[in-house]
1. Pick from region 316-344 the residues that are within 13 Å of R243 (Cα to Cα) and not in a helix (DSSP H, G or I): which of them is least open to solvent (accessible area, probe 1.4 Å)?
2. For region 240-259, which positions are open to solvent by 20 Å² or more (accessible area, probe 1.4 Å) and without any contact (Cβ under 8 Å) to a residue 40 or more places away in the chain?
3. Among the residues that make up region 169-177, is at least one of them farther than 20 Å from E236 by Cβ, surrounded by fewer than 21 Cβ atoms within 10 Å (Cβ to Cβ) and not small (G, A, S)?
4. Counting only residues that are without any contact (Cβ under 8 Å) to a residue 12 or more places away in the chain and buried (at least 19 other Cβ atoms within 10 Å of the Cβ), how many does region 67-101 have?
5. Using the structure shown, decide if E283 is assigned to a helix (DSSP H, G or I), at pLDDT below 90, under 27 Å from V234 (Cβ atoms) and more than 20 Å from the chain's Cα centre (by Cα).
6. Please work out which residue is farthest from L166 (Cα to Cα), limiting yourself to region 3-22 and to residues that are open to solvent by 40 Å² or more (accessible area, probe 1.4 Å) and either among the basic types (K, R) or touching a residue at least 40 places away in the same chain (Cβ under 8 Å) (or both).
7. Counting only residues that are touching a helix residue (DSSP H, G or I) at 6+ places or on another chain (Cβ under 7 Å) and closer than 21 Å to G98 by Cα, which one in region 24-39 is surrounded by the fewest Cβ atoms within 10 Å (Cβ to Cβ)?
8. Is one or more of the residues making up region 40-51 open to solvent by 10 Å² or more (accessible area, probe 1.4 Å), farther than 26 Å from I203 by Cα and in contact (Cβ under 8 Å) with a residue 60 or more places away in the chain?
Amino acid sequence: MNVLDKVLTLRPTSVVARLGTASRLPVLNPRELLKALDKVPAALPCLPVPIRPMLPGLLAAARGEDAVMGLLCPHPLADRGAAERFVTAVQQVAEADGHKRPLFLQAGPVRVPKAEPEALGLLQEGLFRLVDAGFSLVSLDVTRLPADAAVEAVRRLSGPVVERELALEVSLPAGSEGDELEGGRALLEGLQRQGVSVRFLRISAAVLSEEDQDVQFLRSLVELAGQYGAGVAVGEAGRRSARVLPTYVAAGVKKVECVAPFERLALASYPDTVRASLEQKAEKAGLGAGELLGVVGEQLASLEAQDASRLEALTFAEASEVLAALGASRTGWKSMLFLAENRGD
């Protein structure tokens, strides 16, 4: 077997079932990629796909930088077919372009607003669909729940993810502001007692600044998460500038979601009237306009060919910058070689 053939044997069974056995697309569990990059000063980049015309630019950037990359579906439960359409689009574009660098597909963060059994039952049904859709990482947002309720909610919801040996990410629980370390400890300790393995502990960049004390805080959070076999993920990064991204890498963060720059690009590709309408509806819904676009983008009229081409080029440039800032350049083939040689480890 060649290198790609060996790496393909590491794909989760649910991914193979979704993509088909003939597919040559290396969609992997991020756990495997973390092993491959253990000694590399890099964080796994996770970039959003607000609208489909951005996909070719994102994947081309990964090939151009020879980088591992995650693609993020921020609202996989927006409607019953959203998750499947996202994975299908990734497969179609990637295979059409001959993409052979490692990918992981993230669903969420899926918001968990309540811990009542009825609400969790509906979400659990949705999580089964995400697993079957072919995602290799599921992110749960429990920022609205106190730590004890968050532990119970994650325990109940994580079944489909854990059973398929996929990666699970969980955010810091409610009440952690100003005491994030203790909130993280309570969550991870509670989940460990329940036998639930967490791959990433997620913190929003919105609570961080570029000050030195936040670098020290992140290092402390990285140390804490490591005690429970988890890595730290920073979400909502890049709202101010991509210049801060290397700071996360230096602090030992394992995964970074950089969403805002790509939401801005997607919004800017639409006429003023469409943007104004989105902004108005988003304000009423309590969302950002870019976030709403990720939900309703498929309902909007398709971009003109010239606008779509321009968006693809801008996406390529932005993604290339983000991948480089996170140390992901030249990690693609390197990780493939490592995984091919260490499949049994």
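The values are calculated or read from the model by the stated rules, or taken from the named source; none is laboratory data. Being a predicted model, the structure only gives us computed values, none of them experimental. No Cβ is skipped: glycine too gets one built from the backbone with ideal geometry, and neighbour counts run over all protein chains shown. Remember, those area values only see protein heavy atoms, side chains included, never the ligands or the DNA or RNA. Shrake-Rupley method; radii C 1.70, N 1.55, O 1.52, S 1.80 Å.
1. Per the stated criteria, the residue is L326.
2. Residues satisfying the conditions are R240, S241, T247, G252.
3. No, because not a single residue in region 169-177 is farther than 20 Å from E236 by Cβ, surrounded by fewer than 21 Cβ atoms within 10 Å (Cβ to Cβ) and not small (G, A, S).
4. Within region 67-101, the subset without any contact (Cβ under 8 Å) to a residue 12 or more places away in the chain is 79, 81-82, 88, 92, 96, 98.
Still in the running and buried (at least 19 other Cβ atoms within 10 Å of the Cβ): 82.
Number satisfying all stated conditions: 1.
5. When the stated conditions are applied, E283 passes them.
6. K6
7. Let us first name the residues in region 24-39 that are touching a helix residue (DSSP H, G or I) at 6+ places or on another chain (Cβ under 7 Å), namely 24-27, 32-33, 36-37.
Filter again for closer than 21 Å to G98 by Cα, leaving 24-27, 33.
Values: R24: 14, L25: 21, P26: 24, V27: 25, L33: 28.
Here the residue is R24.
8. There is no residue in region 40-51 that is open to solvent by 10 Å² or more (accessible area, probe 1.4 Å), farther than 26 Å from I203 by Cα and in contact (Cβ under 8 Å) with a residue 60 or more places away in the chain.
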